[in-house]
Structure formats: structure tokens, C-alpha cells
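The structure appears right after this line, and notes come after that.
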Amino acid sequence: MENGNEYIAILDYGSQYTQLIARRIREKNVLSKIFPCGASAAAVAGPGLKGVILSGGPESVFAEGAPGVDAGIFGLGVPVLGICYGMQLMAKHLGGVVEPGDVREYGRARVETDPGCGLFDGIPPSFTAWASHGDRVAALPPGFSRAASSAGCPAAAMQDASRRLYAIQFHPEVAHTEHGAEIVSNFLSRICGCKGDWRMSGWIDSTVRSLKERIGDSEVVLGLSGGVDSSVAAALLDRAIGPRLHCIFVDNGLLRAGEAEKVAAAFGERFSFDLRVVRAGERFFRALAGKTDPEEKRKAVGREFVSVFSAEAGKLRSCRFLAQGTIYPDVIESSNVAGAASHTIKSHHNVGGLPGDMQFELVEPLRDLFKDEVRAVGRELGLAPEFIDRQPFPGPGLAVRIIGEVTPEKAELLRQADLRVREETGKPGVRDGIWQAFAVLLPVKTVGVMGDRRTYEHVCAVRCVDSSDAMTADWTRLPFDTLAEISRRIANEVPGINRVVYDITSKPPATIEWE
Ligand code: XMP
């Protein structure tokens with residue numbers, strides 16, 4: 001995402017807070033980009049580079065193989081800020097002395113600032129900060145002066161204003177550090193001279209411009225899943241190239257009730273790209289027949305998807321590009337952060353293992369955005385709210401929510417139960433912010449009674465969780481009346497299910513999905 005934007009480069013030394021630094025910077029309307037710690041000065045440099053941040057990290061600079069820094073980073077002519085490990089690295093690299101501290105600082109630390117450091121302009125001289133370190137800078141490198149101290153750390157901050165090098169031992173990016181946001185802001189505006197003019201609408205305009213330039217008269221194919229990321233990517237490309245975008249939506253027979261129709265209606269009306277809905281349910285059910293092992297089921301669905309998608313994309317001989325809805329956290333996870341904007345793809349988590357003779361150039365217009373930024377772009381592009389705020393839905397779809405063998409009949413049973421769970425939990429006032437609410441079909445039948453008739457039918461479990469990132473989750477304390485209504489409706493309205501149970505397990509030890 002060059003687009004001429006000013007940006008701050010963050011070298012990631014593995015701190016759990018690196019993404020937070022990136023967020024804090026973007027909140028100040030400055031673009032931030034995370035690079036692997038080994039990135040060279042040349043990889044980091046760009047026309048809009050305004051400053052570099054060396055993040056914290058779990059290592060000690062004394063550890064064997066501890067990550068270093070390319071000396072060229074200090075010669076880029078832009079300010080550099082080291083945070084925690086980044087400070088120790090800067091000190092060691094520039095001739096200072098780092099040693100293990102007598103007192104380790106983990107958690108709150110009282111910081112006293114010295115006058116005259118731009119980082120602390122407008123901030124009270126004493127404040128509470130969040131620190132997390134064992135080592136500390138014992139002697140400053142030549143040319144540096146101390147800028148702050150704390151009980152466990154005589155040099156809690158240092159600067160060499162003439163070379164525009166700054167470092168702090170505590171973490172300004174975490175919410176527990178008082179005035180942390182102002183420190184970040186001071187670095188951006190006073191020290192790096194950032195204008196802070198990075199806006200989502202501007203981002204859309206410049207991204208559309210660069211997509212147009214890059215794609216030219218060529219055509220693009222995109223696998224549209226109906227999830228937020230691929231939907232926003234499609235909307236963005238639609239703005240850039242309209243009908244020269246070909247979206248393939250694979251209906252694998254394992255979607256939720258009304259999903260394929262909703263996607264076709266929502267996109268067909270509002271956008272001009274070519275949407276191809278491939279109804280391939282039968283193939284997927286054939287591939288799943290007789291399989292009960294969760295991993296085998298996932299693999300079967302994945303294989304089938306690749307083969308259906310490739311066959312359809314293969315018909316689009318004119319397409320030079322394959323677009324994907326990859327977003328920033330995906331990029332960071334696969335630690336390919338500084339990856340080139342354009343490379344040929346052969347595998348991906350969605351389109352993994354396209355046949356070798358299908359060579360596309362990859363277009364990933366969202367690869368620099370966080371999830372909420374992707375949502376903001378979607379809103380601005382006029383995507384329906386239900387596409388923007390939708391709950392995550394796994395790629396293998398209902399196959400991982402039908403425990404045991406998957407059949408078309410079971411899929412339909414589950415679709416009907418699931419619809420009722422979503423309708424009831426989606427009612428106003430039930431509970432805002434549910435992460436996911438869905439039904440699971442169990443391979444267990446139990447005895448019931450309806451009218452005066454004995455029934456012997458399936459059990460359905462209701463799973464509803466609160467989470468912020470799906471890494472951990474707790475079961476939602478749904479109102480009893482909602483649970484009662486879900487149970488009443490499923491047992492009465494879905495023939496084939498006569499018992500409903502509620503999953504009250506958190507993650508960990510369970511996972512969100514049952515398979
Ligand atoms: P678990 O079950 O591991 O799920 O707690 C965490 C989150 O990931 C979603 N999920 C998937 N998403 N493909 C996906 O695209 C998958 O194979 C898959 N498996 C789980 C799940 O719905 C939850 O939000």
C-alpha cells in the first residue's frame with residue numbers, strides 16, 4: 001500500500017504488543033506497517049517513510065542468536081524510536097552498555113521525565129507506565145542523554161535529538177501507561193513531522209487508483225465466500241474495474257439457510273462485477289460420504305473446493321490476476337509482512353494448491369488493514385450491514401457442525417435448527433456483541449414424546465460464545481427466555497430433532513466449533 005502515503009515502519013521483535021503499536025499509530029491517522037525484525041533498511045525505506053520504531057520483544061539482547069538490527073536503519077535519515085527490547089538493542093548497537101537489572105520491572109512503574117525531550121512535551125513530569133523487562137541500559141551510547149528514569153531503571157528513556165534517535169524502556173502503546181497515546185502522538189507529529197492525513201476515504205481513493213494502474217485492461221478472478229474480507233475486497237475491486245472482476249461463489253451445500261441467495265441478491269443489485277454461483281453441493285456430499293473423522297472431513301471439503309474453484313477459474317482464460325481478501329493479521333501470522341506486492345501464487349488457505357499450470361498474479365488489496373478497518377472500508381463502499389457485521393463462519397461450513405457422517409438430510413436439519421438459533425439470538429435486546437451463535441447436530445438420538453406419540457430423534461446442541469478474537473471464548477449467558485424460545489422452536493418446527501441442549505464450555509478447554 002504505497003500510494004504515496006506517509007508511514008511509520010515498525011520492526012517487529014516479537015512483542016505481544018507490536019500490533020498495538022500499529023493500531024495506536026493508525027488511530028493518529030498515520031499509516032503504520034509492520035516489518036520482520038530482520039528487514040533491511042532498503043526493505044523498510046519508501047517515499048513516504050517518516051520514522052522507524054523498533055518494537056519490544058521476548059528476548060534478551062544477551063541471548064545467543066538474539067535478533068539485531070540492520071545498521072542502515074539508523075542511516076535512513078528518519079527518526080528512530082526504540083521501545084523496551086528496541087531501546088536495549090539501540091543502546092547496544094550504538095555503543096552503550098546493557099546489563100541485567102537488579103530489579104526487574106514487570107507491570108506498573110513510576111516514570112520521572114527529565115526536561116527537554118520532545119517525546120514528553122505537554123505531559124506531566126511524573127506518571128505511571130507499564131513496563132516488562134529484566135535487562136536495562138546501564139550506560140548510554142555516546143551522544144545520548146537521559147530523558148526519563150524509574151525506580152528499577154535509571155535510564156527509562158534516552159535521546160540523541162541531533163540524530164533524532166529516541167528510546168523508552170516502558171510501553172507507551174498499552175492502555176495502562178498514562179499519557180501513552182500522547183507520547184506516541186509526540187513522536188509522530190513533533191519528531192517525525194507526520195501530517196496525520198491518512199483517512200479511510202483517502203485510502204479507498206488511492207487504493208482504487210493503484211489497482212486500476214496495476215490491473216490495466218486485464219481481468220481478475222476472486223473467490224467470494226460471503227465473509228467480510230472477500231466481500232470488501234470484491235466491493236473495492238468493483239470500484240476499480242467493475243465488470244472485469246469475476247467472482248466465483250461456491251455453494252458447497254454446507255452453507256447456512258439462505259446464504260447463497262443473500263450473496264447473489266446483495267452483490268447482484270449493488271455491484272457490476274460478474275458473479276458466478278457454482279452449485280456444487282452434490283460433489284461435496286459425495287466427497288464426504290462415509291467420513292467421520294473431523295480432519296478427514298475438513299480435508300475433503302478443502303480438496304473439493306480447490307477442484308471446483310480451479311475448474312471455474314480455468315474457464316476464465318482472460319484473467320491474469322487472482323484477488324484474495326487477505327488482511328493484515330493473516331499477513332503478520334504468516335510472517336510474510338514485507339512480502340512483495342506482487343508474486344505468483346500456488347497455495348493459500350482458501351485456494352490452497354491450485355494446479356501448477358494455473359499461474360495468477362496475486363492481488364491483495366486489503367493486506368495492510370486490520371479487521372475493523374476492513375469493516376470501515378466496506379461501510380464506505382456501501383456494503384449491506386449484514387455483510388459487514390456478520391459472524392465468522394468456518395470454511396468447511398456445516399460439515400464441522402454435523403458430528404459424524406455428513407449427509408444432505410442432516411445438513412438440511414441443521415440448517416433449519418441453526419436458522420432458529422440465529423433468529424432468536426439476533427432479536428433486539430437479547431445480547432449485543434455475541435461473537436458466534438449456531439447449532440450443532442449430534443449423532444445421537446433420544447426418546448421424546450409429542451402428542452401421545454413416542455419419538456426417537458436427533459439431539460441438537462446450541463453454541464453461543466463471547467469473544468474478541470476467537471483465541472479464547474466464554475459461553476454466552478443468554479437469557480433463559482431466549483434459551484427456552486430456541487428450544488421450543490427447534491423441537492416444534494424442525495421435524496427430526498426432539499431435544500436441545502446448551503453448550504456451557506469455554507475455550508479453552510473446548511474450541512468454539514465442535515470439530
Ligand atoms: P475454534 O473452533 O478453533 O474456532 O475455536 C476459532 C474460530 O475460527 C473459526 N473456524 C474456521 N474458520 N476455516 C475458517 O475459515 C476453518 O476451517 C475454521 N475452523 C474454525 C471458528 O468459526 C471460530 O470463529
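Worth pointing out:
- Residue match in segment 446-453 (condition: part of a loop (DSSP other than H, G, I, E, B) and either touching a residue at least 40 places away in the same chain (Cβ under 8 Å) or surrounded by fewer than 18 Cβ atoms within 10 Å (Cβ to Cβ) (or both)): yes
- Segment 298-332, residues that are outside any helix (DSSP H, G or I) and not charged (D, E, K, R): Leu316, Ser318, Cys319, Phe321, Leu322, Ala323, Gln324, Gly325, Thr326, Ile327
- Test: Lys427 is among the charged types (D, E, K, R), over 30 Å from Ile490 (Cβ atoms) and either modelled with pLDDT under 80 or open to solvent by 30 Å² or more (accessible area, probe 1.4 Å) (or both): no
- Just one residue in the set Ile53, Ile83 is modelled with pLDDT of 95 or more, out of contact with any Leu (no Cβ under 6 Å at 6 or more places or on another chain) and under 22 Å from Ala157 (Cα atoms); that residue is Ile83.
- If you go through segment 134-156 and pick out every residue that is assigned to a strand (DSSP E or B) and open to solvent by less than 10 Å² (accessible area, probe 1.4 Å), you end up with 6.
- Listed by first and then second residue, the pairs linking a residue in segment 375-404 that is within 16 Å of the ligand (Cβ to nearest atom) to a residue that is among the basic types (Lys, Arg), with Cβ atoms under 6 Å apart and 6 or more places separating them unless they lie on different chains, are Pro396/Arg298; Ala399/Lys297; Ile402/Lys410.
- Ser60 meets the conditions (1) polar (S, T, N, Q); (2) surrounded by fewer than 20 Cβ atoms within 10 Å (Cβ to Cβ); (3) closer than 28 Å to Trp198 by Cα in every case but one. The failed one is (3).
- For segment 471-515, taking the residues that are touching a Phe, Trp or Tyr at 6+ places or on another chain (Cβ under 7 Å) and more than 17 Å from Arg420 (Cα to Cα), the one that is farthest from the ligand (Cβ to nearest atom) is identified as Ile504.
- Here Gly77 fulfils each of the conditions (1) outside any loop (DSSP other than H, G, I, E, B); (2) open to solvent by 20 Å² or more (accessible area, probe 1.4 Å) apart from (1).
- A single entry from Asp205, Asp251 fulfils the requirement of being at pLDDT 95 or above and either over 30 Å from Tyr17 (Cβ atoms) or of a type in the set (Gly, Ala, Ser) (or both): Asp251.
Yes or no, residue by residue, for (1) closer than 30 Å to Val232 by Cβ; (2) open to solvent by 60 Å² or more (accessible area, probe 1.4 Å):
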| position | (1), (2) |
| --- | --- |
| Gln159 | no, no |
| Ser162 | no, yes |
| His171 | no, no |
| Gly180 | no, no |
| Gly196 | yes, no |
| Met200 | yes, no |
| Thr207 | yes, no |
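- The combined condition, being among the β-branched types (Val, Ile, Thr) and open to solvent by 10 Å² or more (accessible area, probe 1.4 Å), is not fulfilled by Val263.
- Qualifying residue in segment 228-250 (condition: in a strand (DSSP E or B) and without any contact (Cβ under 8 Å) to a residue 40 or more places away in the chain): yes
- Entry remark, segment 386-420: residues being open to solvent by 10 Å² or more (accessible area, probe 1.4 Å) and in a helix (DSSP H, G or I) number 10 in total.
- When restricted to residues that are of a type outside the set (D, E, K, R), modelled with pLDDT under 55 and either more than 16 Å from the ligand (Cβ to nearest atom) or open to solvent by 20 Å² or more (accessible area, probe 1.4 Å) (or both), segment 316-354 contains 17.
- Filtering segment 464-515 to residues that are open to solvent by less than 50 Å² (accessible area, probe 1.4 Å), among the hydroxyl-bearing types (Ser, Thr, Tyr) and part of a loop (DSSP other than H, G, I, E, B) leaves Ser467, Thr476, Ser506.
The values are calculated or read from the model by the stated rules, or taken from the named source; none is laboratory data. All values derive from a computational prediction rather than experimental measurement. Here Cβ is always computed from backbone atoms with ideal geometry, including for glycine, and neighbour counts include all displayed protein chains. Accessible surface areas use protein heavy atoms only, side chains included; no ligands, DNA or RNA. Shrake-Rupley method; radii C 1.70, N 1.55, O 1.52, S 1.80 Å.
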